[in-house]
Amino acid sequence: MQSPVLRSLALTLAVARAVTPLSAAVPTNAVPSVIVSTAAEPIAPGKFAPTWDSLQQYQAPEWFRNAKFGIWAHWGPQCEPEQGDWYARHMYLEGERQNQWHVAHYGPPSQFGFKDVIHAWKAEKWDPDRLVALYKRVGAQYFFALANHHDNLDLWDSKYQPWNSTRVGPQKDLIGGWARAAKAQGLPFGVSVHAAHAWSWYEVAQGADKKGPLAGVPYDGKLTKADGKGQWWDGLDPQDLYEQRHAPSPGFDNVRFLWGHRWDWQDGVSQPDLAFAQRYYNRTMDLINKYQPDLIYFDDTALPLWPVSDAGLKIAAHFYNQDMARHGGKLNAVLFGKVLDDDQRRAMVWDIERGVPAVSLPQAWQTDTCLGDWHYRRSLYDDGKYKSARTVVQMLADIVSKNGNLLLNVPVRGDGTIDDKEEAILQGIAAWMDVNKECIFDTRPWKFFGEGPASDGAPITAQGFNEGKGKPFTAEDVRYTTKGDALYVIVLGRPTQPLHLKHLGAADLGAKPRQIERLGSAAPVTWSQAADALTLDPGDLPADAHTVVYKILRS
């Protein structure tokens, strides 16, 4: 048997491998060149200063560690065409799938740009109270709404962005509606903020077709307020939306160039100027001050605009300080960043996009994933390619066993509804939760996260992106969680043979179980324990059973 010292060393090395993404974090010792002013939107006074050292005083609150599961409405005008994520960029890339669809349905982007897609979006069937109530019924312990995406439209009554959902498109305060619905259900409310990348993400809107009858005719990315006279957008400046008051980056129209280090403002990408960083800072502070969210997700490496600007540091300090003031000096807030180094993981919660580490991590973390595409994509509905309820539940169990939370996006159609297949998946998750939720909520990882063939996960790449790349879960894979004197054995399948659980032998479990039961069943469970394993008969299970849970009460 491996000694405690060797086991500890092996675990340390495993954690190091599991949390080292293939894309390197942007270090905390970088020196930003664009310094934003706090005159219009001051930082709340308090414990946290806008420095990495100060932000490392952060500790994830217990409510978040207990919550485990949230649902996200990653919803905005890019859902209106029902053609999937990054539509507002790819519609300007000649020959790309979304560009071809756009030309066929709306016309060429030189004549019908993304601003016009926004105009077509009305969200006429949106019922936030119904949706958030459904998500709570499914088991969500917190709720997230998209506040803006890389398309740069603010989805609230924004003081600093004229292109917002109260003036164009739906002409509704969407964040206000979501926030009220979450409060009515007693759910902590989160917002996701993505607009820091609009500067380079929208550079394709400066392009033009390279062939065909409109070759050389500019797209609408360089239009100005003066061009709007007599148009539906008269009085608005398209540059407040597209943010193209600069020369584009070299190779800006190459579909692949925005990934990699360019996402982190490296490799020759055009650098955001003070005016852009200041607007971003003011807009985000306005969002926080108006709606006082409990959670903020930044779709950025480390913090938004880092290391070009200090805007993200100032926003983070304000968010923490304001939250502490609202909660009598106790920090309730949760802030998420991506591709974090060790210091940054002490300053906020690490978010892993569509990915899971191979081992349990010492600090709270979250994965975000989606039933389909981030923005609604009709072909995934038509082709039956959503994640099943079983898949979501198995992912949740794996994540929770490793000290993480799952944030699940349920794509919303442009009109503000979810489709019948998504409703059915959610009902399936709710049915499993009705029986088994005690093995998820308020639990903590055990000394072993689990065992089985799928225990060695694929490596994390960049923001995450190892989802589905490891071995598929089967009934030979189990995950462990614990609460009080209970240890939960979560079987990631429907077992038909006795389970031989090597981590539950007397040597590792310590004390002999005084009782073992299957959640949702009063039938006795047959088991035996040796020094090196516990053998458990799964019993008679329904044909449609999946992710079966056994509860061990220890002496």
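The values are calculated or read from the model by the stated rules, or taken from the named source; none is laboratory data. Source: prediction; values computed, not measured. Cβ coordinates were reconstructed from backbone atoms using ideal geometry, including for glycine residues, and neighbour counts include every protein chain displayed. Accessible surface is based on the protein model in full, side chains and every heavy atom, while ligands, DNA and RNA are left aside. Shrake-Rupley method; radii C 1.70, N 1.55, O 1.52, S 1.80 Å.
General remarks:
- Filter result for the condition that a residue is in contact with a strand residue (DSSP E or B) (Cβ under 7 Å, 6 or more places away or on another chain), part of a loop (DSSP other than H, G, I, E, B), open to solvent by 20 Å² or more (accessible area, probe 1.4 Å) and at pLDDT 95 or above, over Asp415, Asp442: Asp442
- Under the condition of being assigned to a loop (DSSP other than H, G, I, E, B) and either aromatic (Phe, Trp, Tyr) or surrounded by 12 or more Cβ atoms within 10 Å (Cβ to Cβ) (or both), the residues counted in the range 531-555 number 9.
- Residues (part of a loop (DSSP other than H, G, I, E, B) and out of contact with any Leu (no Cβ under 7 Å at 6 or more places or on another chain)) located in the range 478-519: Gly484, Leu492, Gly493, Pro495, Thr496, Gln497, Gly510, Ala511, Lys512, Leu519
- The set of residues in the range 286-307 that are farther than 25 Å from Asp341 by Cα and either touching a Cys at 6+ places or on another chain (Cβ under 9 Å) or open to solvent by less than 10 Å² (accessible area, probe 1.4 Å) (or both) comprises Asp286, Leu287, Ile288, Pro293.
- Taken together, the residues in the range 29-64 that are over 30 Å from Asn403 (Cα atoms) and among the polar types (S, T, N, Q) amount to 3.
- Those residues of the range 216-251 which are farther than 16 Å from Pro162 by Cβ, open to solvent by 50 Å² or more (accessible area, probe 1.4 Å) and part of a loop (DSSP other than H, G, I, E, B), in sequence order: Gly216, Val217, Lys229, Gly230, Ala247, Pro250
- Here is the figure for the range 424-448: residues that are among the acidic types (Asp, Glu) and within 20 Å of the chain's Cα centre (by Cα) total 0.
- Only a single item in (1) modelled with pLDDT under 95; (2) surrounded by fewer than 19 Cβ atoms within 10 Å (Cβ to Cβ) is not met by Gly464, and it is number (2).
- Restricting Leu146, Leu153, Leu134, Leu55 to residues that are open to solvent by less than 10 Å² (accessible area, probe 1.4 Å), closer than 30 Å to Ala389 by Cα, touching a residue at least 40 places away in the same chain (Cβ under 8 Å) and not polar (S, T, N, Q) narrows the list to Leu146.
- Enumeration of residues in the range 156-209 that are of a type in the set (Val, Ile, Thr) and open to solvent by 10 Å² or more (accessible area, probe 1.4 Å): Thr166
- Filter result for Gln394 (buried (at least 18 other Cβ atoms within 10 Å of the Cβ), of a type outside the set (Phe, Trp, Tyr), in contact (Cβ under 8 Å) with a residue 40 or more places away in the chain and part of a strand (DSSP E or B)): no
- Number of positions in the range 319-362 that are in a helix (DSSP H, G or I), under 21 Å from Val191 (Cβ atoms) and open to solvent by 10 Å² or more (accessible area, probe 1.4 Å): 4
- Taking the criterion of being part of a helix (DSSP H, G or I) and open to solvent by 30 Å² or more (accessible area, probe 1.4 Å), the residues of the range 58-101 that qualify are Glu62, Trp63, Arg65, Asn66, Arg97, Gln100, Trp101.
- Filter pass, Glu422 being open to solvent by 30 Å² or more (accessible area, probe 1.4 Å) and at pLDDT 95 or above: no
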